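Asks: Below is the structure I would like to discuss, written out as structure tokens.
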Amino acid sequence: MAKRKNRKRYQGPDVTTHLDLGVGETLTLDAGEFDERGLAIADYQGAPVTIAGAVPGESVTASIVKVYRDRIATLVESVDAASEHRVTPKCRYFGACSGCQWQHISYDQQLKTKRSLVESALAPYETLNGIQVDETKPSPTQFRYRNHARFTVGRREENGFAGYMNADSRRFVRIDECMIMDDRINATLSQLQGRLQSMTQFSIRVGANTGDTIVQPLLPAEIQDVPSGRQKYVEEVNGAEFQVAASSFFQVNTAQLSAIVEEIVGMLELDGNDVLVDLYCGVGTFARLLSPHVKRVIGIEESASAVEDARFNCSDVANVEFIEAKAEQAAADLSGSGLKIDLAIIDPPRKGCHPEALDALKTLSPRRIMMVSCNPITMARDLDALCQSGFKLVSVRPVDMFPQTKHVESLAQLES
């Protein structure tokens, strides 16, 4: 999962202004299914409403947080008729902070809902009809799993304190402890609270299995007791060490990453004799961890810092090589080289695969493809393109990398 792209501004008709509603007013609503934001939806006099903190099927009283041209954003104030799936959120910031959309829903129901989200994404495509989506693989831990946090620094009365901005109200919420973050992130946050007056944002990354921690960017000169400004940290997964640059992507749930690798080895039936292409390979995570199970790995990545890390991470592995190039360019070059490719793993950013990369996969014609995707919508689009070019989708397995949130990772396997 890569960095989020800027959201496109709504260009459609204004469907809310005529209602003359204001922030702070309350509405009585019947919560419908979740939308792509992970929020229950409702209708108020013909206008769409999103309800943060509601469970589908509930009747709630919700306060208006923001009136957009295309929807009314609300937050639950009270529940008049509760769902059987409702639980009490563990985090005292839930609601005010929009980072965890589903802490108020039982974990079993979160897993079922994520499976439904994947099924809904596949449903519009005829080429994907009939595929049975597996049950969502649960995370080994439901809290304290994230190894990476990005914080905003408050202003005015909250100047110097770290927290998050609510996605709808855009109000700053001071956070002294984030329930989904690694304990070492919260410990570092505690050291910094109230001391960040000259900063606007910063990040903390930690090796869940090494304890190695970096804070970026360099902190002000007056903060000497918290080391900062280092460009790389070290993580360990399944006995392999990974050097990761501050600017590089690494999966945020290290324990679940280990489980994903085991899933991929089994699903692809790796026997040590295949040539594997790893598109969008990042710092070489899958290349390194799958290398004992294949004959050769060719990793492709356009980020120079990620390729530098990948080569370092695999410097002691003889059957792995890396190409620094855009996925579509390198895949096309490989397809013209005559090299026989048996398997491909593709782990694209949230926006999905470049169309030319999908075309190159058709030419490469691997026996099996494993797509690892953090966005069901773009995954379904790309799977449809691959199926239209001759591949067949054989399995989809949602994996919960992000408990308490709407986000879901998926493993989709295709065969030629």
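The values are calculated or read from the model by the stated rules, or taken from the named source; none is laboratory data. Since the model is a prediction, treat every value here as computed from it, not as a measurement. Positions of Cβ are backbone-derived with ideal geometry, glycine not excepted, and every protein chain shown enters the neighbour counts. Protein only, heavy atoms only, side chains kept; ligands, DNA and RNA dropped before computing areas. Shrake-Rupley method; radii C 1.70, N 1.55, O 1.52, S 1.80 Å.
Asks: Quick one: Lys406 ticks every box in (1) part of a loop (DSSP other than H, G, I, E, B); (2) at pLDDT below 95 except a single one, so which number is it?
Replies: Going through (1) part of a loop (DSSP other than H, G, I, E, B); (2) at pLDDT below 95 one by one, Lys406 breaks only (2).
Asks: Within the range 178-202, count every residue that is within 20 Å of Met401 (Cα to Cα) and either open to solvent by less than 60 Å² (accessible area, probe 1.4 Å) or aliphatic (A, V, I, L, M) (or both).
Replies: 7
Asks: Now for a separate question. If a residue must be exposed (fewer than 15 other Cβ atoms within 10 Å of the Cβ) and either of a type outside the set (Lys, Arg) or modelled with pLDDT of 95 or more (or both), how many such residues does the range 145-164 contain?
Replies: The number of residues fulfilling the criteria is 3.
Asks: What strands (runs of 3 or more DSSP E) lie completely within the range 142-246 and have 1 or more residues being acidic (Asp, Glu)?
Replies: Hits in the range 142-246: 232-237, 240-245.
Asks: So Gly272 ticks every box in (1) in contact with a His (Cβ under 8 Å, 6 or more places away or on another chain); (2) on the phi < 0 side of the Ramachandran plot but one. Which box is left unticked?
Replies: (2)
Asks: Being over 30 Å from Leu339 (Cα atoms) and without any contact (Cβ under 8 Å) to a residue 40 or more places away in the chain is the requirement here; does Gln231 meet it?
Replies: For Gln231, the condition - over 30 Å from Leu339 (Cα atoms) and without any contact (Cβ under 8 Å) to a residue 40 or more places away in the chain - is met.
Asks: Same structure again: Out of everything in the range 312-334 that is part of a helix (DSSP H, G or I) and touching an Asp or Glu at 6+ places or on another chain (Cβ under 9 Å), what residue ends up being nearest to Gly272 (Cα to Cα)?
Replies: My answer is Asn313.
Asks: So for the range 216-230 (the condition being among the hydrophobic types (A, V, I, L, M, F, W, C), open to solvent by less than 50 Å² (accessible area, probe 1.4 Å) and closer than 23 Å to Met401 by Cα), does at least one residue qualify?
Replies: Within the range 216-230, none of the residues are among the hydrophobic types (A, V, I, L, M, F, W, C), open to solvent by less than 50 Å² (accessible area, probe 1.4 Å) and closer than 23 Å to Met401 by Cα.
Asks: Turning to a different aspect of this structure: Restricting to the range 255-298, name every residue that is touching a residue at least 12 places away in the same chain (Cβ under 8 Å), among the small types (Gly, Ala, Ser) and in a helix (DSSP H, G or I).
Replies: Result: Ala255, Ser258, Ala259, Ala287, Ser291.
Asks: I would also like to ask the following. Scan the range 234-247 for residues that are under 18 Å from the mean Cα position of the chain (by Cα) and either open to solvent by 10 Å² or more (accessible area, probe 1.4 Å) or free of Cβ contacts under 8 Å to residues at least 40 places away in the same chain (or both) and report the count.
Replies: Result for the range 234-247: 2.
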